[in-house]
Amino acid sequence: MKKTTGKILMYTFLILGVIITAFPFYWMFVLATLSRGEIFSFPPPMWFGSNIVDNYRNLMNFVPFFRNIWNSFYIAFMATSTTLFFCSLGAYGFAMYDFKGKEPLFGIMLGTMMIPGVLSTIPWFIMMRMFGWINQPRALYVGGMASAFGIFLLRQYMESAIPRDLLDAARIDGCGEFEMYWRVVLPLSSPGLGALGMVTFIGSWNNFMGALIILKERSTFTVPVALRSLQGMISTDYGAVMFGTALSVLPILIVFLLASQQIISGLTAGAIKG
């Protein structure tokens, strides 16, 4: 009887948690189909409306939104791919090699994580202006190619999941250093790479402050900046804003679902082998 009661309570809390988590997304998609008057009506409508076509037209009249989505995807893809490559290289060096000054250097790198990112905004902007990268997408991903957090995360994973004896065996078989990194270390580090990739992609997609400072033309805006540009206009069309918000969330939901499945499967396989 106690076990049955415990299961009922557990599933009740889980169902409530799912409802609380999913409701904002449902409400966002509902608002994307309503007019401005319906959005601010009381009581608010709880079901989908019929204004989705008008919201789409108004959004496209304000900004080239699909171009903005492509800009966000390109920047997030480049940020993710370059971060995974360079952070895995750095983590591989710290995890699998012993060299003079290794621990102090690693400690200094970790110390940079304690510096608030806002302090680097002005120096970063000055550097981008000197490089001529204002209004250029590369300014939003080149500077973060090798993050301290990414190197730390992958280094911890590699040290716990990849035995050095395996690398020694690869060297005996004639495997070169980079080939060993590419063909042995990276495949075994896929769960850690998946976690870092998901965090990096979502963080880059949602990056607002950096894109707001660097990007000056509507054709180069990312999704957050494009949505922000819709506000402050005379009689802001919140139906169009919510429609754009719903469109911008869909890629993130897809990436999250795909990446979470990969991470779970990778961790499960590692646990079974262990």
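The values are calculated or read from the model by the stated rules, or taken from the named source; none is laboratory data. The structure displayed is predicted, hence computed values, not measured ones. When we count neighbours, we look across all protein chains shown, and the Cβ atoms used for this are built from the backbone with ideal geometry, even at glycine. Protein only, heavy atoms only, side chains kept; ligands, DNA and RNA dropped before computing areas. Shrake-Rupley method; radii C 1.70, N 1.55, O 1.52, S 1.80 Å.
When N counts the residues of segment 97-217, how does its alpha-carbon radius of gyration compare numerically with 2.2 N^0.38 Å, as a ratio?
Computed over Cα atoms of segment 97-217, the ratio equals 1.33.
Give me the angle, in degrees from 0 to 90, between the Cα long axis of helix 2-31 and the longest principal axis of the Cα atoms of the chain, rounded to the nearest 10.
The helix 2-31 is inclined about 60 degrees to the chain.
Can you work out the accessible area per residue across the chain, with the rest of the protein chains kept in place, probe 1.4 Å, in square angstrom?
60 Å²
Highest GNM mean-square fluctuation, the chain, Cα pairs closer than 10 Å: which of Ser35, Ser160, Ser248?
Most flexible of the set in this elastic network: Ser160.
How big is segment 1-146 in terms of Cα radius of gyration and Dmax, in angstroms?
24.6, 71
Could you work out which residue, out of Tyr74, Tyr157, Tyr11, moves most in a Gaussian network model of the chain, that is, has the largest mean-square fluctuation with Cα springs under 10 Å?
Among Tyr74, Tyr157, Tyr11, the largest mean-square fluctuation in the Gaussian network model of the chain belongs to Tyr11.
With angles folded into 0 to 90 degrees, how steeply does helix 65-96 sit against the dominant principal axis of the chain? Use alpha carbons for both and round to 10.
Result, in degrees: 20.
Calculate what fraction, in whole %, of the accessible area of the chain sits on carbon and sulfur atoms when a 1.4 Å probe is rolled over the protein chains.
71 percent
How many angstrom lie between the Cα centre of segment 161-217 and the Cα centre of segment 75-131?
Cα centres, segment 161-217 to segment 75-131: 13 Å.
Between Glu217 and Ile254, how high is the FRET efficiency from 1/(1 + (r/R0)^6) when r is the Cβ-Cβ distance and R₀ = 25 Å? Nearest 0.05.
0.35
If you place +1 on the Cβ of every Lys and Arg and -1 on the Cβ of every Asp and Glu, how big does the dipole about the Cα centre of segment 102-241 come out, in debye to the nearest 20?
Computed about the Cα centre, the dipole is about 500 debye.
Contour minus end-to-end for Phe178 and Met209, with contour as 0.36 nm per residue of separation and end-to-end as the Cα-Cα distance?
Going from the current span to full extension adds 7.5 nm.
Please compute the length gained on full extension between Val142 and Ile108, using 0.36 nm multiplied by the number of residues separating them and subtracting their Cα-Cα distance.
Taking Val142 through Ile108 to full extension adds about 10.1 nm, to one decimal.
Before rounding to the nearest 500, sum -39500 (n - 2.57) across all DSSP H runs of length at least 4 in the chain and divide by the residue total; then give [θ] at 222 nm in deg cm²/dmol.
-22500 deg cm²/dmol
Quick one: dipole size for the chain, taken about the Cα centre, charges +1 on Lys/Arg Cβ and -1 on Asp/Glu Cβ, in debye to the nearest 20.
Using only the charged Cβ atoms, the result is roughly 380 debye.
Among Ser160, Pro116, Ile172, flag the residue with its Cα farthest along the positive direction of the charge dipole of the chain, charges on Cβ as +1 for Lys/Arg and -1 for Asp/Glu.
So the residue furthest toward the plus end is Pro116.
Write down the Kirkwood hydrodynamic radius of segment 135-198, to one decimal in angstroms, obtained as one divided by the mean of 1/r over all alpha carbon pairs.
After inverting the pairwise mean of 1/r, the radius is 13.4 Å.
Kindly express, to the nearest 10 degrees and within the range 0 to 90, the angle between helix 121-131's C-alpha long axis and the longest C-alpha principal axis of the chain.
That helix lies at roughly 80 degrees to the long axis.
Normalised radius of gyration for the chain, please: alpha carbon Rg relative to 2.2 N^0.38 Å, two decimal places.
1.26
What does the accessible area of Glu103 come to, in Å² to the nearest 10, when a probe of 1.4 Å is used?
110 Å²
Measuring from a point 7 Å past the Cα of Ser81 along Cα-to-C-beta, which residues in segment 183-200 have an amide N at less than 19 Å?
183, 186-187, 190, 193-200
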